[in-house]
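See structure below.
All of the numbers you see were taken from the coordinates with simple rules; none came from a lab. Keep in mind it's a predicted model, so treat the numbers as computed, not measured. No Cβ is skipped: glycine too gets one built from the backbone with ideal geometry, and neighbour counts run over all protein chains shown.
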């Protein structure tokens, strides 16, 4: 039988850490809920190739975040990228429209919330390619996600997650 003096401090630490993690998750969701209600953007249109499965997964992710997601199967995705002036090196598999902004690729909700809260003078944001571990993509995140701000064909760093 283990010493009770050793077990109790470990149990208390586990309970405290679990409570802190739960509190952080609730605070994060409350912040996102505030973003949705403050900016009135609840509908998102996602343009995707008819055969892309990871786009479906990212759309489900947006739905779970409280957005009403309309998925448009588009056989001419290059036309969508061109319409929104998304440079080739910033492209991903789908393009989502949030009000006046586009969100290119598997962008995490933290970046979308920042975009909708700060309302910068840009056209949209992008997470190029399809990084493993990003929302809707299988695998494990192996490096930080660099989210780019796009404006009139120009590219700058928006945030890193």
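If we sort 44-50, 71-77 on the protection proxy, mean other Cβ atoms within 10 Å, highest first, what's the order? Let's see the in-between values first.
On the way: 44-50: 17.7, 71-77: 13.6.
Averaged packing, sorted descending, gives the order 44-50, 71-77.
Multiply the residue gap between residue 89 and residue 51 by 0.36 nm, knock off their C-alpha separation, and tell me the result in nm, one decimal place.
Working: separation 38, 0.36 × 38 = 13.68 nm, distance 2.17 nm.
Separation in residues times 0.36 nm, less the Cα-Cα distance, equals 11.5 nm.
Efficiency by 1/(1 + (r/R0)^6): what FRET value for residue 146 and residue 43, r their Cβ-Cβ distance, R0 = 35 Å, to the nearest 0.05?
Values: r = 28 Å, r/R0 = 0.79.
According to the calculation, E is roughly 0.80.
At 0.36 nm per residue, minus the direct Cα-Cα distance, what do residue 159 and residue 117 gain on full extension? Give it in nm, one decimal, please. Don't skip to the end; give the middle numbers.
Values: separation 42, 0.36 × 42 = 15.12 nm, distance 1.38 nm.
Residue separation times 0.36 nm, minus the Cα-Cα distance, leaves 13.7 nm.
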